[in-house]
Amino acid sequence: MNLSASGFYTETVRGQVKQGRLCNKTLDGRKVTLLHCDIKSPSTIRKYGVDIRNIETIAVPSIVPIKKNVLVIDGIGKMECSLKSLTRCDQSP
């Protein structure tokens, strides 16, 4: 079976656990910081700022359905579910 895949997953950056640095990585190799103690944002998880722009420009486009590809999504939580751009992907034809 020949399948293509797209999507993203979240990983903790080694050596920066105390700073709470999380990154989104897409299956096509893009990587952006999602959450970090140095990010100033109105969206926060505890003391960490969340970079919504990175979610909307990297994570969301990586899960837009393309033909019959397999979607890989890891790390969808309460904060991501509050983003209209992310929940709209679920309603795509």
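Residue by residue through region 44-53, note down the ones that are surrounded by 15 or more Cβ atoms within 10 Å (Cβ to Cβ) and either in contact with a Cys (Cβ under 9 Å, 6 or more places away or on another chain) or at positive phi (or both).
Correct list: 48, 49.
For (1) surrounded by 15 or more Cβ atoms within 10 Å (Cβ to Cβ); (2) in contact (Cβ under 8 Å) with a residue 40 or more places away in the chain, each residue gets a yes or a no:
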| position | (1), (2) |
| --- | --- |
| 21 | yes, no |
| 32 | yes, no |
| 39 | yes, no |
| 42 | no, no |
| 59 | yes, yes |
| 62 | yes, yes |
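Criterion first (part of a loop (DSSP other than H, G, I, E, B) and either among the polar types (S, T, N, Q) or without any contact (Cβ under 8 Å) to a residue 24 or more places away in the chain (or both)) does residue 66 satisfy it?
So residue 66 does not fit the description; no.
Evaluate the following for residue 62: is it modelled with pLDDT of 80 or more and hydroxyl-bearing (Ser, Thr, Tyr)?
yes
The values are calculated or read from the model by the stated rules, or taken from the named source; none is laboratory data. Quick caveat: nothing in here was measured; it's all calculated off a predicted structure. Cβ atoms come from the backbone with ideal geometry, glycine included; neighbour counts cover every protein chain shown.
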